[in-house]
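Every number in this text was worked out from the coordinates using simple rules, so none of it is lab data. A quick note: this is a predicted structure, and the numbers were derived from the prediction, not measured. Here the Cβ positions follow ideal geometry from the backbone for every residue, glycine too, while neighbour counts run over all protein chains shown.
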Amino acid sequence: MLAASLKRASLAQRTARFYASAAAEPQQITGTAPPHRFYVFLHTPQPPSEYDPKISSKMQRALLLNIVKLGGLVNFSWSAEQPALRSSGDGEAYAATAFTPSGRVDIPLLSMDTLDEVVQELKSRVDRPPPSVPEETTHLYVCTHGARDCRCGDMGGAVVRALREEVQRRKLSSVKVAEVGHVGGHQWAANLLVYPHGEWLGNLTPEMVPGVLDAIVQRSAKPALAGEAPLLPAHWRGRMGLGKEEQTQLVASLGL
């Protein structure tokens, strides 16, 4: 019991110290997350550190064209744990993961042959009610697209390494760490996307990782509600489902 009490005290102290240091940082980062209702990550066999400065594909453009009017965004991601399909030419295909207001959608095959089916599935998920039961896994995506901006490669790379080490140290099997291509706002590097919550964080450093992870694991792994308090307000870029004005108004309404 003493060990458990000390562990809880240590967690509370780390969280308090993190919030205290974060409160001193400027707030203009709020409202810089691009408005979106859902986000699709196309799995690639290579990490963003190997991406060209601008990365796109025929399949990515076709999917975006079909879902942008629904509020969807598309990006590329990598981790050693996520499945990736190697393809070329007209045979382009991806495994993918989407995060929607009703939760995660695993897409085992996205190709021109399955595009319509995938779009219909995503469309059906957008207007469903939020899940009542949390997901089993929290997914953390750090932008490490160094060829697009060196700050993402340098600081993003340092933060993703720190996250992996901390997750492994704590044996958090319910937290998965991945890397993602350009998300916009490289001036806020390191940028971290937290799903299924839909929270976007920026201005992170490796030293902040224990406190960031503490704050994340204390939240239920499901899409954040519109009026829910931001995760780490001083580092909060915005949230899935909220526009720029809604993001800034939320922070103002809570006096953060």
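The loop-placed GluC sites (Glu not before Pro) in the range 106-144, going by DSSP, that have at most 13 neighbouring Cβ atoms within 10 Å of their Cβ come out as Glu136.
Expressed to the nearest 5 percent, the antiparallel share of DSSP beta bridges inside the chain is 65 percent. When a/c reaches 1.5 or more, the comparison of a/b and b/c decides; with that in mind, is the range 138-254 rounded, prolate or oblate per its Cα gyration tensor? In terms of gyration-tensor shape, oblate.
Entry note, the chain: the mean residue ellipticity at 222 nm calculated from DSSP H runs of n ≥ 4, each adding -39500 (n - 2.57), is -9500 deg cm²/dmol after division by the residues and rounding to the nearest 500.
When ranked by the protection proxy of mean other Cβ atoms within 10 Å per residue, highest first, what sequence do the peptides 152-162, 242-252 form? Write down the numbers at each step before the final one.
Numbers: 152-162: 22.3, 242-252: 16.3.
With the highest mean Cβ count within 10 Å placed first, the list reads 152-162, 242-252.
So, with +1 on the Cβ of K and R and -1 on the Cβ of D and E, and no other charges, what is the size of the charge dipole of the chain about its Cα centre, to the nearest 20 debye?
580 debye
For the range 176-244, what is the Kirkwood hydrodynamic radius in Å, using each pair of distinct C-alpha atoms? Across the range 176-244, the inverse of the average 1/r is 12.5 Å.
Counting pairwise Cα distances across the chain, what percent come out greater than 31 angstrom?
Details: 7111 of 32640 pairs.
Result: 22 percent of Cα pairs exceed 31 Å.
Farthest towards the positive end of the charge dipole of the chain, among the residues Gly157, Val183, Ala80, is the Cα of Gly157, using unit charges on the Cβ of Lys, Arg, Asp and Glu.
Bridge orientation summary for the range 138-254: considering DSSP beta bridges with both residues in this region, about 60 percent are antiparallel. Most simply put, the range 38-126 has about 65% antiparallel DSSP beta bridges, counting only bridges with both residues inside it.
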